[in-house]
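Only one structure is covered here, and it is reproduced in the block below.
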Amino acid sequence: MASSTKSERSLRVILIGAGGHATRTLLPTLHHLPFELVAICDLDEARARQAARKWGCSAHTDLARALDAEKPEAVLLAAGPGAHPPLACRALEAGVHVWMEKPSSYRARDLDPVLERRGDRVVVVGYKKAFMPATDKAIELLSAEGGKALQSALAVYPIDVPEDGRRILEEGVFTNWLGNGCHPLSLLVAVAGEVEALTVRRSRHGGGMCLLEFAGGAVGALHLAAGAPSSQAVERYHFVADGRQVVIDNGSRVHFQRGIPFRYGQTVSFAPEGLDHGAIVWEPQNHLATLENRMEFTQGFYGELRYFYDCIVEGRPAVRGSLEFARHLTLLYEAALLSEGREIHIADLG
């Protein structure tokens with residue numbers, strides 16, 4: 001994966017939403033991509049103008065006027081799950097491609113009008129974990145020639161599924177489960193495929209387990225590690241297939257274990273001679289100020305926006321981070337809130 005080059009065609013884009021995430025993460029990431037930021041739009045005029053001055057573009061408070069005045073090829077939505085579906089619909093009706101930040105909506109059904117209006121436009125939802133270099137490597141390793149079907153998957157993430165889930169869904173309450181639960185779920189689905197059934201089992205002291213049955217036959221668990229210090233390296237993913245296992249630690253270290261020649265009671269070295277067995281590790285270096293060890297790249301922000309750009313210029317529909325992917329993840333979010341220890345079949349939720 002390379003950063004942009006001067007020979008690439010530049011795409012005119014408008015950023016909708018000038019909040020902290022947009023100014024702290026999205027705008028710096030655009031520096032590495034062939035996008036021409038022509039305007040920033042926000043309901044808060046002062047905030048829109050402040051961001052526009054800093055990034056050298058126009059400021060707007062109304063999307064329709066911004067679309068008419070700036071004639072963008074794409075919009076980047078960072079306005080929150082309640083605003084994303086209607087804003088995406090307006091942009092698509094204007095013939096504009098859409099990238100939106102996660103979460104894409106409060107309910108899966110809220111994305112149906114967006115799906116109806118998508119047509120031949122590209123729509124990508126920015127589930128960064130699904131676009132991390134570490135995730136790409138895990139998919140490559142597990143699907144490489146000779147790879148067997150995935151058997152099991154485990155994720156550890158410092159989060160909890162709140163109680164009173166039905167009320168949360170009905171009232172559209174924003175919770176950490178909506179805002180960040182999609183991180184581990186998106187990585188699991190990106191690697192292991194869609195989920196058929198889900199069960200949440202809570203500890204009496206907080207946290208618990210979210211048990212997953214994948215359509216491909218694997219089983220998995222998301223350890224709801226609420227209580228773990230989120231300021232420390234807690235996050236981990238562990239995938240097992242026959243003869244292979246892949247571990248992602250802290251989003252930036254990939255460990256591939258191929259096994260060694262082994263005879264019970266006779267093998268005397270854990271590191272026998274040869275290079276075609278044992279473990280391989282990939283992790284970024286930090287002694288050079290280069291791109292691959294920057295947060296925008298290791299956490300997937302660059303990857304998701306690069307994929308969006310590539311789909312547009314190559315004229316192909318999005319598969320990764322697609323609306324269908326987002327709708328499935330939102331159904332998993334809903335199922336977890338409704339489970340209360342019961343198995344929920346995702347197909348039953350629509």
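Here, each number is a calculation from the coordinates, and none is a lab measurement. Predicted, not measured: the structure shown is a model, and the values here were computed from it. Here the Cβ positions follow ideal geometry from the backbone for every residue, glycine too, while neighbour counts run over all protein chains shown.
With N counted as the residues of the range 6-69, its alpha-carbon radius of gyration over 2.2 N^0.38 Å works out to 1.07.
Once the Cα-Cα distance is subtracted from the 0.36 nm per residue extended length, the residue 262 to residue 242 segment shows a gain of 5.6 nm.
Annotation: the residues 254, 123, 98, sorted from fewest to most other C-beta atoms within 10 Å of their own C-beta, follow the order 254, 98, 123.
Between residue 345 and residue 54, how high is the FRET efficiency from 1/(1 + (r/R0)^6) when r is the Cβ-Cβ distance and R₀ = 56 Å? Nearest 0.05. With R0 = 56 Å, the Cβ-Cβ based efficiency is 0.70.
Secondary structure note: in the chain, about 55% of the DSSP beta bridges are antiparallel.
Listed from fewest to most Cβ neighbours within 10 Å, the set 41, 311, 89 follows the order 89, 311, 41.
Amide H contacts for residue 102 (H built 1.01 Å from N in the peptide plane; partners 5 or more residues away or on another chain; cut-off under 5 Å): 126.
Just add up the charged neighbours of residue 293: K/R +1, D/E -1, any other residue whose Cβ is under 13 Å from the Cβ of residue 293.
Every neighbour counted, the sum reads -1.
Output the relative contact order of the chain, whole-number percent, from Cα pairs under 8 angstrom with separation of 6+ residues. Result for the chain is 19 percent.
Fully extending the segment from residue 170 to residue 10, taken as 0.36 nm per residue of separation minus the present Cα-Cα distance, adds 53.4 nm. In this structure, the amide hydrogen of residue 195, modeled 1.01 Å from its nitrogen in the peptide plane, lies closer than 5 angstrom to those of 215, counting only residues at least 5 positions away or on a different chain. May I ask you to derive the FRET efficiency for residue 203 and residue 285 from their Cβ-Cβ distance with R0 = 41 Å, giving the value to the nearest 0.05? For residue 203 and residue 285, the calculated efficiency is 0.60.
Would you mind computing the Rg to Rh ratio of the range 241-335 from its alpha-carbon coordinates, Kirkwood style for Rh?
Checking Rg against Rh, the ratio lands at 1.13.
For the range 80-100, there are no residues whose amide N sits under 16 Å from a probe point set 7 Å from the Cα of residue 45 along the beta carbon direction.
Fewest-first ordering of 164, 136 by other beta carbons within 10 Å of each residue's beta carbon gives 164, 136. Straight-distance candidates among the lysines for linking to residue 148, with alpha-carbon spacing under 26 Å and chain neighbours fewer than 8 residues away dropped: 129, 137.
If you bin every alpha carbon distance in the chain into 10 Å steps from zero, what whole percent lands in each bin? Per 10 Å bin, starting at zero, the Cα-Cα P(r) for the chain comes out as 5, 23, 31, 25, 12, 3, 1, 0 percent. Among 259, 315, 28, pick out the residue whose Cα is farthest towards the positive end of the charge dipole of the chain, where Lys and Arg carry +1 and Asp and Glu carry -1 on C-beta, about the Cα centre. Of the options given, the answer is 28.
Available extension along the chain between residue 313 and residue 273 is 9.6 nm, counting 0.36 nm per residue and deducting the alpha carbon span.
Inter-part distance, the range 48-78 to the range 137-176, computed on C-alpha centroids, equals 34 Å.
A simple spin-label model places pseudo-atoms 7 Å from Cα toward Cβ; at residue 61 and residue 234 they are separated by 4.0 nm.
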